[in-house]
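The values are calculated or read from the model by the stated rules, or taken from the named source; none is laboratory data. None of these values were measured; they are calculated from a predicted model. All Cβ positions, glycine included, derive from the backbone under ideal geometry; neighbour counts span all protein chains shown.
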Amino acid sequence: MQAPYLFSRSGVGTPAAPLTVTSDIDTNVLELSVHGRWSVSLRQDVYRGIYKCLAEHPAALLIDLREMTDPDGLSVAMWLAARRAGFARPLQLTVL
């Protein structure tokens, strides 16, 4: 069994999925990659993804936004909230 344990095979990590989660078991680091245009449904997926990643108690969580588009900047509140959640735990949180 490999971490992350809380993610099912359906949806997350498939080519059409809005999120991809990868882990490095040796360093206990999770990477959450966000894909697509920011929307209400993507916001909900990201919220659940971050929550599940934090439930794994990783040493670090990297959030990769390079394949996400947000021309209106509507996702800023999510990243500020993720940063606050990261500071509330002994965790290194990095948003790329």
When every residue in the stretch 51-65 that is part of a strand (DSSP E or B) and within 8 Å of the chain's Cα centre (by Cα) is compared, the one surrounded by the fewest Cβ atoms within 10 Å (Cβ to Cβ) is Asp64
Got at least one residue in the stretch 80-92 being at pLDDT 90 or above and part of a strand (DSSP E or B)?
no
Flagged in the stretch 66-75 as within 14 Å of the chain's Cα centre (by Cα) and either more than 16 Å from Glu31 (Cα to Cα) or not in a strand (DSSP E or B) (or both), in numbering order, are Ser75
Considering residues that are part of a strand (DSSP E or B), surrounded by fewer than 18 Cβ atoms within 10 Å (Cβ to Cβ) and acidic (Asp, Glu), the number found within the stretch 20-37 is 1
